């Protein structure tokens, strides 16, 4: 799979809750960027699935709740990633949430 990332990812493990209209899931994310995150799961959702994601990052008092879309998963042919899971892009971020995520990602890069 060729590299298509627009944003540099920061390795950071944190709890993430996400839901579809049918179900609620509690997993861990392995990394985050300004554009999305990687959710560790042995049962990835199909590419194109729209989800609502909620997570709390360091330095924040309240969780961030955003829309997301599954862009790829580790069961796809040609994906070389040892951790099972799925890559999710953020969709329709408010300017406030985008700035929060960008600020935290920049701070995590310094660690």
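Listing for the model above:
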{"quantity": "Only one of 8, 73 that is surrounded by fewer than 16 Cβ atoms within 10 Å (Cβ to Cβ) and touching a residue at least 24 places away in the same chain (Cβ under 8 Å)", "calculated": "8"}
{"quantity": "Hey, residue 58 touching a strand residue (DSSP E or B) at 6+ places or on another chain (Cβ under 9 Å) and within 22 Å of residue 107 (Cα to Cα) or not", "calculated": "yes"}
{"quantity": "All positions within the range 56-77 that are within 18 Å of residue 14 (Cα to Cα) and either modelled with pLDDT under 95 or assigned to a loop (DSSP other than H, G, I, E, B) (or both)", "calculated": "56, 57, 58, 59, 60, 61, 62, 63, 64, 65, 66"}
{"quantity": "Verdict on residue 25 being surrounded by 13 or more Cβ atoms within 10 Å (Cβ to Cβ), free of Cβ contacts under 8 Å to residues at least 24 places away in the same chain and out of contact with any helix residue (DSSP H, G or I) (no Cβ under 6 Å at 6 or more places or on another chain)", "calculated": "yes"}
{"quantity": "Out of 12, 18, sole residue that is modelled with pLDDT under 95, in contact with a strand residue (DSSP E or B) (Cβ under 7 Å, 6 or more places away or on another chain) and either over 25 Å from residue 108 (Cα atoms) or part of a strand (DSSP E or B) (or both)", "calculated": "12"}
{"quantity": "Selection status of residue 61, in contact (Cβ under 8 Å) with a residue 24 or more places away in the chain and surrounded by fewer than 16 Cβ atoms within 10 Å (Cβ to Cβ)", "calculated": "no"}
{"quantity": "Enumeration of residues in the range 26-55 that are more than 21 Å from residue 11 (Cα to Cα) and outside any loop (DSSP other than H, G, I, E, B)", "calculated": "50, 51, 52"}
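The values are calculated or read from the model by the stated rules, or taken from the named source; none is laboratory data. Small disclaimer: the values here were computed from a predicted structure and weren't measured. Methodologically, a virtual Cβ is constructed for each residue, glycine included, from the backbone with ideal geometry; neighbour enumeration extends over all protein chains shown.
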